[in-house]
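Notes follow the structure.
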Amino acid sequence: MKDTELDAALHQRFAEGVVIAGTSAGAAMMPDMMIVEGEGESNPRPESAKMDRGMGFFPGVVIDQHFAQRGRIGRLLSAVAQQPAILGFGIDENTAIVINAHEVEIIGEGSVTIVDVSELTHNNVDELLMDEPLALCGAKLHILPHGYRFNLDTRSCVC
């Protein structure tokens, strides 16, 4: 859908205040860059997440879905290490994020895992072959259930 008339119409309506929502792949496509393929595994490697252009409704982040159920922490870590997003959101099944201005609210049965790499001190992604283990130093991890919020400006939890 990217760069089509439908894309332009959706962005126009979004700018006018219309709510844009998606579930599963519909949630994953909200950022500028999205995970289009990859294995759910705990050991992050560059090949754990293949990235491509998303729709750009939620810039500067990457979203993974069915997160805890499919063991996708390694995939999310790989995704944030490979591209300029500083926040990764792993959304469990039957769970959602609601974005209001500069705050994300978690609703539903599961949790949302947030990976913040804004203060990363080192990663080795540029030095690796696709199947070699990834190093990330200084990443922050937040796990938030229903009712919690996350401030996008301060990158902090709101209890």
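The values are calculated or read from the model by the stated rules, or taken from the named source; none is laboratory data. In this text, all values refer to a predicted model and were calculated from it rather than measured experimentally. Cβ placement follows ideal geometry from the backbone for every residue including glycine, while neighbour counts extend to all protein chains displayed. Calculation scope for accessible area: heavy atoms of the full protein, side chains included, ligands and nucleic acids excluded. Shrake-Rupley method; radii C 1.70, N 1.55, O 1.52, S 1.80 Å.
The charge dipole of the chain, taken about the Cα centre with unit charges on the Cβ atoms of Lys, Arg (+1) and Asp, Glu (-1), comes to about 280 debye, rounded to the nearest 20. For the chain, the longest principal axis of the C-alpha atoms and the axis of helix 73-82 are separated by about 90°. For the range 1-66, the carbon plus sulfur part of the accessible surface works out to 53%, probe radius 1.4 Å. The GluC sites (Glu not before Pro) of the range 50-159 meeting both criteria, a DSSP state outside H, G, I, E and B (loop) and at most 11 other C-beta atoms within 10 angstrom of the site's C-beta, are Glu109, Glu119. Extension gain, Arg155-His122: 0.36 nm per intervening residue step, less the Cα-Cα distance, totals 10.0 nm.
Under the rule of -39500 (n - 2.57) per DSSP H run of 4 or more residues, summed and divided by the residues of the chain, what mean residue ellipticity at 222 nm is obtained, to the nearest 500 deg cm²/dmol?
-4500 deg cm²/dmol
Here r is the Cβ-Cβ distance between Met130 and Asn100 and R0 is 30 Å; the resulting FRET efficiency, rounded to 0.05, is 0.20. Sorting His11, His146, His122 on solvent-accessible area from highest to lowest, probe radius 1.4 Å, gives His146, His122, His11.
How much length is gained on full extension from Ala9 to Ile86, taking 0.36 nm per residue of separation minus their Cα-Cα distance?
24.9 nm
Ligands, DNA and RNA are left out, and with a 1.4 angstrom probe the accessible area of the chain is 52 Å² per residue. Loop-located trypsin sites (Lys or Arg not before Pro) across the range 120-159 with a Cβ neighbour count of 15 or fewer within 10 Å are Arg155, with loop assigned by DSSP. Along the axis of the charge dipole computed for the range 1-141 (Cβ charges of +1 for Lys and Arg, -1 for Asp and Glu, origin at the Cα centre), the listed residues Asn124, His11, Gly108 are led at the positive end by Gly108.
Legend: calculated FRET efficiency, His146 to Glu16, from the Cβ-Cβ distance at R0 = 30 Å, rounded to 0.05, equals 0.50.
Once the Cα atoms are used to define both axes, helix 5-15 deviates from the longest principal axis of the chain by about 80 degrees. Computed over the Cα atoms of the chain, pair by distinct pair, the Kirkwood hydrodynamic radius stands at 15.9 angstrom.
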